[in-house]
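Taking it in order: structure first as structure tokens, then the write-up.
The values are calculated or read from the model by the stated rules, or taken from the named source; none is laboratory data. In this text, all values refer to a predicted model and were calculated from it rather than measured experimentally. Cβ coordinates were reconstructed from backbone atoms using ideal geometry, including for glycine residues, and neighbour counts include every protein chain displayed. Just so you know, the surface numbers come from the protein's heavy atoms only, side chains and all, with ligands and any DNA or RNA stripped out. Shrake-Rupley method; radii C 1.70, N 1.55, O 1.52, S 1.80 Å.
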Amino acid sequence: MTDFKLLIDGNLVDGDFSMDVINPATAEIFTKAARASTAQADDAIAAAKAAGQGWAAKSFQERRDKIIVLADSIASRADEFARIITSEQGKPLTEAMGELAWTDGYLRHYATLELPDRIIQDDDAAYIEVKHKPLGVVVGIIAWNFPLLMACWKIGPALLAGNTIVLKPAPTTPATALFLGEICKDIFPAGVINVIADDNDLGPHLTSHPDVAKVSFTGSAPTGKKIMASGADTLKRITLELGGNDPAIILNDVDVQETAQAIFNNAFLNCGQVCLAIKRAYVHDDIYDAMCHELVTLAEAAIVDDGIKPGTQIGPIQNKVQFEKVKRFVETAREDGKIIAGGEVMERGGYFMRPTIVRDVTDGHEIVDQEQFGPILPVIRFSDIDDVVNRANASESGLGGSVWSKDIDKAAEIAARIESGQVWVNQHIAIGPHIPMAGFKESGLGVEQSVEGLAEYTQVQVVNIAR
Ligand code: NAD
């Protein structure tokens, strides 16, 4: 018996296995969650397949209404969700409530989207119409940094477009997704949505299954590559939202104090565990020392504690594997640059590290070239715009990037030269349900969000009638 059960074919069921869910603030067990066997994964796919025709036959409006009921139901359980998110993911309760607000906004926006049939020719020769048909069974696989938001990023558009879904959360944050499944049980017909949890073992089975039409994945680039390979045999449709190593280029005309605060917020949100967080700050030589000084002041003032405590600004790193990875980054940063804030593990239970600022480090070192996905920010000096644009682009990643300046036109011109899916001026992590989200290079494949993202959950069909 576990506190959080799988949702398969409209039933909440125990897993063939169970697993402990660790609270990263204490490194102790927070709860027990059901864990699916391969046979249960097959049951979930079979249920999704069986429910497919009925769900696809519903009108867009009927499906849209259900998405709104889902948003209402999540909102009515917001406090419970927030506590589960904080307890298993680690982020402060205020950020967990922020994740709920984001989720609400995304779901309600999806419910306004449409993919109407389009007549592209209607004359003496032919009548030609373009339709968007559902694909069938979608598998949604997500990372552990936004367990509710990312689940709904998959469920919302997949179901609205007329597909059915099997959702699989990350093994360290199953409770939020399984609780979501519990809520979905009373909203959607049996089999339309299935939620199963694993111990990092079911991914290859799900992504190669012949009855799965599409995989929508959010996670790391190495896993994304494996998914592409495993879907190749059956030519699955694949959307990949992968890692980033976002540069922020800060010109010498900014208000240093104000910009430092914005850079800090966008680097350390969710303890730096955001695909679109600032992971490299390129600061102009003229203001380099002043910017480092401000960032240190902010890092030293940040309240790092258990996210459940009121007033906490930064919680723990989400899991032990990531904690060890971040500790290794800090060690290399100590050799390749100068740590001017943080850099030390907090001696208490849980996976805590204070926000860490590294200066006098440059490209070609691990801490700059690789995605840290933790509370570390390297601050890199530059003096020439062309040079810094080249350095920003010398990365396998291309998710986001920003330019900071009082001269908006100049900043926009520089931003447009950054090779990433989203470029910002005087802001970062500015995303929304109406904004297409995509990655250049190894940051992804395809688009999520907006009507472009919705279209990726469909197959284009042309109906061509001779006249
Ligand atoms: P990960 O790739 O290790 O795991 C992500 C998910 O993939 C988990 O559910 C995991 O169980 C599953 N998985 C593992 N091996 C698999 C396989 N062979 N086949 C199918 N599924 C498999 O990533 P993570 O460590 O959980 O997440 C961190 C990464 O995710 C970072 O790189 C981050 O930037 C990225 N991310 C990207 C976005 C985005 O929208 N672009 C958002 C959040 C996180």
> If A158 passes every condition in (1) within 15 Å of the ligand (Cβ to nearest atom); (2) touching a residue at least 40 places away in the same chain (Cβ under 8 Å); (3) open to solvent by less than 10 Å² (accessible area, probe 1.4 Å) but one, which one does it miss?
Replying inline: (1)
>> Can you go through I45, I29, I68 and tell me which one is surrounded by 21 or more Cβ atoms within 10 Å (Cβ to Cβ), on the phi < 0 side of the Ramachandran plot and at pLDDT 95 or above?
In response: I45
>> Can you pull out every residue in segment 247-270 that is open to solvent by less than 10 Å² (accessible area, probe 1.4 Å) and under 14 Å from the mean Cα position of the chain (by Cα)?
In response: N270
> Residues of segment 439-457 being surrounded by 21 or more Cβ atoms within 10 Å (Cβ to Cβ) and assigned to a strand (DSSP E or B), which ones?
Replying inline: G444, E448
> Just one of the numbered conditions (1) within 16 Å of the ligand (Cβ to nearest atom); (2) free of Cβ contacts under 8 Å to residues at least 12 places away in the same chain; (3) more than 25 Å from G453 (Cβ to Cβ) is not true of P222; which one?
Replying inline: (3)
> When segment 423-467 is examined, which residues are found to be more than 26 Å from S402 (Cα to Cα) and touching a helix residue (DSSP H, G or I) at 6+ places or on another chain (Cβ under 7 Å)?
Replying inline: L454, Y457
>> Go through segment 53-84 and report how many residues are without any contact (Cβ under 8 Å) to a residue 60 or more places away in the chain and assigned to a helix (DSSP H, G or I).
In response: 13
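Residue-by-condition table, conditions (1) more than 22 Å from Q449 (Cα to Cα); (2) more than 14 Å from the ligand (Cβ to nearest atom); (3) in a loop (DSSP other than H, G, I, E, B); (4) open to solvent by 10 Å² or more (accessible area, probe 1.4 Å):
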position: K133; (1), (2), (3), (4): no, yes, no, yes
position: V166; (1), (2), (3), (4): no, no, no, no
position: T172; (1), (2), (3), (4): yes, no, yes, yes
position: D198; (1), (2), (3), (4): yes, no, yes, no
>> Tell me yes or no: at least one residue of segment 321-336 is crowded, with 17+ Cβ neighbours inside 10 Å and assigned to a loop (DSSP other than H, G, I, E, B).
In response: no
>> Can you confirm whether G401 is buried (at least 19 other Cβ atoms within 10 Å of the Cβ) and outside any helix (DSSP H, G or I)?
In response: yes
>> So H205 ticks every box in (1) assigned to a loop (DSSP other than H, G, I, E, B); (2) within 11 Å of the ligand (Cβ to nearest atom); (3) of a type outside the set (D, E, K, R); (4) out of contact with any strand residue (DSSP E or B) (no Cβ under 7 Å at 6 or more places or on another chain) but one. Which box is left unticked?
In response: (1)
>> Given the criteria without any contact (Cβ under 8 Å) to a residue 60 or more places away in the chain, on the phi > 0 side of the Ramachandran plot, part of a loop (DSSP other than H, G, I, E, B) and open to solvent by 50 Å² or more (accessible area, probe 1.4 Å), does G364 qualify?
In response: yes
